[in-house]
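S.K.: Below is the structure I would like to discuss, written out as structure tokens.
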Amino acid sequence: MSIGTKISILIVLLIALFMLNLAWGSVVIPLDRILDALLGNASIKSDATIVWSFRMPKIMAAIFSGASLGVSGLLMQTFFRNPIAGPFVLGISSGASLGVALFILASGWLSSFAFFAFWGTSNWMLILMAMLGAGLVLFLLMLISWRISDINTLLILGLMFGSATSAIVSLLQYFSSQQALQQFVLWSMGSLTGVTWEELTLLAPICALFILLTFGLSKTLDALLLGDQYALSMGVNVRRAQQQIIVVTAVLAGGITAFCGPIAFVGIAVPHLARMFFQTHRHFVLLLGTILLGMITLLLCQFIAQLPGSDQMLPINVVTSFLGAPMVIYIVLSRRSI
């Protein structure tokens, strides 16, 4: 089966899951009414409201989140040449969690500042704090990367940053109120339902731009996969390439975490699905496959999470963990190499 045929299959599957997520939920809307609502010809006003105001933003958030986490996971697995590296190994997610924890759990202390008091109830403030936390970790990593070229040392330091920020978050949780603690725990479970059209106008261009930038790095990634010495012999500026990968991964993973919360396992499992499906190590093809499979995976998880026909909705991390954990276990046991 050719690569073009495989991509066509994934596109058809993506469209099918897209329509399925539009149609199914607490209220089931037939396909013909879905099409009418998409074309602006809905005879039932509530159909257009459900499709455009509630389901479409959630679906678009799943599409951009799946693509971004998949691509950032692929970058990290190539960067560290480690099959179980994910987009959050550098501590970016922990940094975002620290920013959110300061906003939610320490809101009582921060409310004395006029800026925080004014924006304290705004979802944009939560997003800003998450991005500042992720940006702080990125800044520290970039400073270190100028002095240290060993990627294993960088991995260890990233894990240490994650541990340190997690310790601070735990300390804030210990002294926080029950209401604030519950709010933070709900955020940490991940959710695509809270993303609005206004927020998507910021998130979508950022994700699209940095995903496109990774295609320009595809040949560099092919060389890095074979080792730094081989990459140097091919004329690759390894230090600059490593810093570019760190920035792209941090922006993609940090941005998704800021808007949707930490979403587990997608970034680890999806690149392996792409390798198994396309049977190649060429990063241009893998990037295309990872983007499509990331979208498909998160749309499937979102469909399961919304419990079709029910008013209840599971946290997205519950579903991604159920689907992603077996994949990671399989990778570890089979000792696959990238």
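S.K.: Considering every residue within segment 149-156, establish whether at least one is of a type in the set (Ser, Thr, Tyr) and at pLDDT 80 or above.
M.R.: Going residue by residue through segment 149-156, those that are of a type in the set (Ser, Thr, Tyr) are 149, 153.
Still in the list and also at pLDDT 80 or above: 153.
Checked against the condition, which is being of a type in the set (Ser, Thr, Tyr) and at pLDDT 80 or above, segment 149-156 yields at least one hit.
S.K.: Going residue by residue through segment 218-230, is there one that turns out to be touching a residue at least 40 places away in the same chain (Cβ under 8 Å), closer than 25 Å to residue 188 by Cα, open to solvent by less than 10 Å² (accessible area, probe 1.4 Å) and touching a helix residue (DSSP H, G or I) at 6+ places or on another chain (Cβ under 6 Å)?
M.R.: The answer is no, given that none of the residues of segment 218-230 is touching a residue at least 40 places away in the same chain (Cβ under 8 Å), closer than 25 Å to residue 188 by Cα, open to solvent by less than 10 Å² (accessible area, probe 1.4 Å) and touching a helix residue (DSSP H, G or I) at 6+ places or on another chain (Cβ under 6 Å).
S.K.: Being among the aliphatic types (A, V, I, L, M), touching a His at 6+ places or on another chain (Cβ under 6 Å) and closer than 26 Å to residue 295 by Cα is true for just one of 273, 221. Which residue is that?
M.R.: Numbers: 273 fails: touching a His at 6+ places or on another chain (Cβ under 6 Å).
Only one candidate passes the filter, namely 221.
S.K.: Considering only residues that are of a type in the set (A, V, I, L, M) and open to solvent by 50 Å² or more (accessible area, probe 1.4 Å), look in segment 141-156 and name the one that is farthest from residue 95 (Cα to Cα). So that I can check it myself, show each step before the final result.
M.R.: Initial filter on segment 141-156 (of a type in the set (A, V, I, L, M)): 141-144, 148, 151, 154-156.
Within this subset, residues satisfying the condition of being open to solvent by 50 Å² or more (accessible area, probe 1.4 Å) are 143, 148, 156.
Details: 143: 16, 148: 21, 156: 16 Å.
Only one residue fits best here, namely 148.
S.K.: State which residue is nearest to residue 250 (Cα to Cα) when the search covers only segment 158-195 and only residues that are surrounded by fewer than 14 Cβ atoms within 10 Å (Cβ to Cβ) and among the hydroxyl-bearing types (Ser, Thr, Tyr).
M.R.: Per the criteria, the residue is 163.
S.K.: Residue 290 - would you say it is open to solvent by less than 40 Å² (accessible area, probe 1.4 Å), under 30 Å from residue 101 (Cα atoms) and not acidic (Asp, Glu)?
M.R.: No, not satisfied.
S.K.: Return yes or no: is residue 78 surrounded by fewer than 16 Cβ atoms within 10 Å (Cβ to Cβ) and either under 16 Å from residue 272 (Cα atoms) or without any contact (Cβ under 8 Å) to a residue 24 or more places away in the chain (or both)? Spell out the reasoning first.
M.R.: On the way: surrounded by fewer than 16 Cβ atoms within 10 Å (Cβ to Cβ): no; either under 16 Å from residue 272 (Cα atoms) or without any contact (Cβ under 8 Å) to a residue 24 or more places away in the chain (or both): yes.
The answer is no for residue 78.
S.K.: Let me ask you something else. Evaluate segment 266-276: report whether one residue or more is in contact with a helix residue (DSSP H, G or I) (Cβ under 8 Å, 6 or more places away or on another chain), modelled with pLDDT under 90 and over 24 Å from residue 101 (Cα atoms).
M.R.: Here is the first cut: in segment 266-276, the ones in contact with a helix residue (DSSP H, G or I) (Cβ under 8 Å, 6 or more places away or on another chain) are 266-275.
Restricting the remaining residues to those that are modelled with pLDDT under 90 gives none.
Within segment 266-276 (the criterion being in contact with a helix residue (DSSP H, G or I) (Cβ under 8 Å, 6 or more places away or on another chain), modelled with pLDDT under 90 and over 24 Å from residue 101 (Cα atoms)), the answer is no, since none of the residues qualifies.
S.K.: Continuing with this model, one more query. Could you tell me whether any residue of segment 36-53 is in contact (Cβ under 8 Å) with a residue 40 or more places away in the chain and open to solvent by less than 60 Å² (accessible area, probe 1.4 Å)? Explain how you work it out, then say what you get.
M.R.: Our first condition is that a residue be in contact (Cβ under 8 Å) with a residue 40 or more places away in the chain; within segment 36-53, this holds for none.
Checked segment 36-53: no residue is in contact (Cβ under 8 Å) with a residue 40 or more places away in the chain and open to solvent by less than 60 Å² (accessible area, probe 1.4 Å).
S.K.: With segment 4-85 as the region, which helices (runs of 4 or more DSSP H) entirely inside it contain at least 2 residues that are closer than 24 Å to residue 284 by Cα?
M.R.: 56-80
The values are calculated or read from the model by the stated rules, or taken from the named source; none is laboratory data. This one's a predicted model, so the numbers in the text were calculated from it and none came from an experiment. Note that we place each Cβ from the backbone using ideal geometry, even for glycine, and neighbour counts take in every protein chain shown. Side chains are part of the model used for accessible areas, which takes the heavy atoms of the whole protein and leaves out ligands, DNA and RNA. Shrake-Rupley method; radii C 1.70, N 1.55, O 1.52, S 1.80 Å.
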